[in-house]
Each structure stands twice: as C-alpha cells, then as structure tokens.
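Just below is one structure, and these are the notes that go with it.
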Amino acid sequence: MNTKLIERSARLLSQCNVCTVASVSEQGYPRICVLMPLRATGIRELWFSTGASGTKVRHFKNNRKAGVTFYNGGDSVTLTGEMEIVTDKDVKDALWEQHAAVLERHFPNGGKGDPEYCILHFVANETTVYIDGEFETFRI
C-alpha cells in the first residue's frame, strides 16, 4: 500500500465539498447521487446525511455495497465498500452539532429530532487513486 498516495488522497478529499455515492437498486443497477461528506477518517471511513425515506436508504437497507468517488482538478479517488445506516443517537447528535448550519437547511422540521434525519457511514475496503498522474488500486 502506498502510504503517500493515501495521504494525498485524504488531502484531496478535504478539498472536496461533495462526493458521488453509488448504491445498488433492487434491479441490480448502480444508482449514483451527490452527497456532502460530514466527516472523514482518512479515506477509509466517511459519514453522510440524507433523508431517511429516500431511495438511497432503501437501497442500503437491501444491499450495503456502495461506491464513493471524489474528484478535484483532474485527480480522483474511487472507493468501494459498505454503507451502514447509523441509528446511534450520540453519533447523530454529534454530527448535527458539528454541521447544524448545513443540516438545518435539509431538515427544517425538528432539527436533529427530525425523523427524516439519517446518517450513512461508509467503510471502504478498496480504492482506486489517480493523483498527479499516479494510478493505483489497492485494498485498504
């Protein structure tokens, strides 16, 4: 594993306001949407927020397989792994407190108590990195 490439990937993620997130539909097709990462632990773990009754959540309830890509200035990182629907109130509350200004726009009906407020936690197991002309795929 190229630790320098992983460090550069984490820096790239910190420069990105959005990621694309892919779920698998009931018919087995990929479905891609755009989400803002709320928190990242390197490039291995990412947290996102979305509506609890949305298509993504339904897909991840049926199939946890997921893909995440972030891109900036010609460099990109694509991650594959699994998505968990977070039910832990402490985790949800902490993320709300850190990102209230953004989340309040999406969940105006009750703040962190809004039943639509849902946190997704992605854990990567493989990455494909293309940064500064370097290309590598590896397990993480």
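Brief remarks follow.
- More than 26 Å apart - percent of Cα-Cα pairs taken over the chain: 24 percent
- The range 61-140: Rg to Rh, with Rh as the Kirkwood radius over Cα pairs: 1.09
Every number in this text was worked out from the coordinates using simple rules, so none of it is lab data. All of these numbers come straight from a predicted model, not from anything done at the bench.
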